[in-house]
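The values are calculated or read from the model by the stated rules, or taken from the named source; none is laboratory data. What you are looking at is a predicted structure, and each value in this text was computed from that prediction instead of being measured. Positions of Cβ are generated from backbone atoms using ideal geometry, with glycine treated the same way; all protein chains shown enter the neighbour counts. The area values use the complete protein model at the heavy-atom level, side chains included, leaving out ligands, DNA and RNA. Shrake-Rupley method; radii C 1.70, N 1.55, O 1.52, S 1.80 Å.
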Amino acid sequence: MVSAVITAAGKNSRMIESQINNDIKVQNKLTLPFKNKTVIESTIENVLSSNVDSCILVLGHFSNEIRKCLSNFSKDQLKIIENNPVDVGLSTSLLHGLQNSSSDLTLCVSGDQPTISSKTFNNLIENSLNSNNSLKTISVLRRINIGLLDCAEGLGMPFVGPRENLIKNIKGFNDNLNPILRKMHSDGYTFYAIKEENDLELLNINTYEDYQYLLNRI
């Protein structure tokens with residue numbers, strides 16, 4: 001089985017700061033419009049269109065606002081859990097999602113990645129499934145280099161990895177994911193980077209300027 005965990009629990013700090021600086025009404029970035037939907041809806045739909053058997057969404061900060069965007073998804077499609085307490089790091093949010101799954105492999109996605117296609121998600125999944133040792137392989141969307149990587153510097157979601165081993169490596173951390181991925185690489189995990197379908201898949205939506213750039217491009 002392959003599950004998906006989508007993290008959507010962050011403080012939205014950089015977007016809020018950017019909106020205030022631009023004299024724009026403060027709004028969580030996951031609830032912003034994107035292709036006649038919202039950012040979070042588009043991300044979820046792309047994940048559900050990929051070859052996953054289940055999907056878990058992890059909420060925290062702004063959970064009430066985000067839940068208003070989820071009415072089109074049934075409980076069979078999307079399992080929603082909430083961090084308690086809410087003020088935890090990204091790694092803890094991902095850990096909660098992994099602990100609520102029972103799959104062998106997990107596709108790990110950030111809720112603010114609406115541009116990443118189901119085809120790219122499938123490429124990540126297929127690379128892990130076809131690897132010589134899926135329990136020691138991390139398939140990740142590339143940042144710079146493609147193929148077998150000699151380090152994990154700068155890497156983050158989306159990636160596919162072995163669920164139980166991810167849990168073991170994340171436990172005890174309450175931080176961003178990159179330090180954990182770097183440690184896994186140094187511990188002998190194989191990291192393989194997949195090429196994006198288009199350059200927008202590499203875009204991070206951190207600020208309102210990022211969001212406007214994305215809208216202008218699509």
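Of all residues in region 96-108, none that is on the phi > 0 side of the Ramachandran plot has its Cβ atom under 9 Å from the Cβ atom of a residue that is modelled with pLDDT under 95 and crowded, with 19+ Cβ neighbours inside 10 Å, 6 or more apart or on another chain. Taken over region 30-76, the criterion of being in contact with a helix residue (DSSP H, G or I) (Cβ under 8 Å, 6 or more places away or on another chain), free of Cβ contacts under 8 Å to residues at least 40 places away in the same chain, among the hydroxyl-bearing types (Ser, Thr, Tyr) and outside any strand (DSSP E or B) is satisfied by THR31 alone.
For region 189-209, a residue qualifies if it is closer than 27 Å to GLN19 by Cβ and open to solvent by less than 40 Å² (accessible area, probe 1.4 Å), and the qualifying residues are LEU200, GLU201, LEU203, ILE205, ASN206, THR207.
A Cβ distance below 6 Å, combined with a sequence gap of six or more or placement on separate chains, defines the contacts here; from region 125-140, residues that are touching a residue at least 40 places away in the same chain (Cβ under 8 Å) reach residues that are surrounded by fewer than 15 Cβ atoms within 10 Å (Cβ to Cβ) in the pairs ILE125/ASN51. Residues in region 71-124 that are among the charged types (D, E, K, R) and farther than 17 Å from PHE173 by Cβ: LYS75, ASP76, LYS79, GLU82, ASP104, ASP112, LYS119.
For region 120-139, the criterion of a residue being under 19 Å from the mean Cα position of the chain (by Cα), assigned to a loop (DSSP other than H, G, I, E, B) and under 24 Å from ILE40 (Cβ atoms) is satisfied by no position. Could we say that VAL86 is open to solvent by 30 Å² or more (accessible area, probe 1.4 Å), of a type in the set (Val, Ile, Thr) and in contact with a His (Cβ under 8 Å, 6 or more places away or on another chain) here? When the stated conditions are applied, VAL86 passes them. Screening MET1 against (1) touching an Asp or Glu at 6+ places or on another chain (Cβ under 8 Å); (2) surrounded by 22 or more Cβ atoms within 10 Å (Cβ to Cβ) leaves a single unmet condition, (2). Taken over region 77-111, the criterion of being of a type outside the set (Lys, Arg) and part of a strand (DSSP E or B) is satisfied by ILE80, ILE81, GLU82, LEU105, THR106, LEU107, CYS108, VAL109, SER110.
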